[in-house]
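Have a look at the structure below before the remarks.
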Amino acid sequence: MCVKAICHFLKITIMATKIYGVKGLMEWVATIQVGKASVRVPFYGGSMSAFGVIPATYKTSDTVMQHIIEKSDYFKSGRIILVNVFESPEDIKATEVKKANVIKVGSIEDARDYLVDNFGATKSELRSRKAIEDCAKVNGVVFEGY
């Protein structure tokens, strides 16, 4: 019996873990106003180079923090984006083990065109194989056949 079925049977709520991201920054501490108070949300682990962009991220399973982030002006304007959602710890492990979306391409140029067409990357950002692979990794894609 799977974990979701057991939790449903026992009426246990599974808290989702959400990963939020901020593109274009290596680190950022967002200050979000909540009434008269403010909450600081630290984003870390981003990188930006001539080869591509990896967003700074913040991971939480706290439903209050998720609500605060998703109701903020930063989230509504697209400054903070939702990168991934995991329903349970088993989903996190399965996603880490499972391969990303595999796209078969004939050449490196096809891979570049796929990223430009589907994820809004620019050809000038994707000048090398490493840049293409980094951009694909950020967007959960693995290219095969080139």
Task: Quarter of the Cα convex hull surface for the range 28-69, i.e. its orientation-mean projected area (nm²) - done: 3.4 nm²
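What does the highest-first list of 106-114, 71-79 look like by mean Cβ count within 10 Å?
106-114, 71-79
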Task: Gain in span if fully extended, LYS71 to ALA16, counting 0.36 nm per residue against the direct Cα distance - done: 18.1 nm
Task: Other-chain or far-sequence residues with amide H under 5 Å of VAL83's (modelled H) - done: ILE19, TYR20, GLY21
Open item on the list: If I model a spin label as a point 7 Å beyond the Cα along the Cα-Cβ vector, how far apart are those points for SER47 and VAL29 in nm?
Closed with: 2.5 nm
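How large a share of the accessible area of the range 15-72, in percent, is made up of carbon and sulfur atoms when the probe is 1.4 Å and the other protein chains stay in place? Each step should come with its number before you reach the end.
Values: 1920 of 3270 Å².
The nonpolar share, carbon plus sulfur, comes to 59 percent.
The values are calculated or read from the model by the stated rules, or taken from the named source; none is laboratory data. Everything quoted here is computed from the prediction, not taken from an experiment. Counting neighbours? That spans all protein chains shown, and the Cβs are built from the backbone with ideal geometry, glycine included. These area figures cover heavy atoms from the full protein model, side chains too; ligands, DNA and RNA do not enter into them. Shrake-Rupley method; radii C 1.70, N 1.55, O 1.52, S 1.80 Å.
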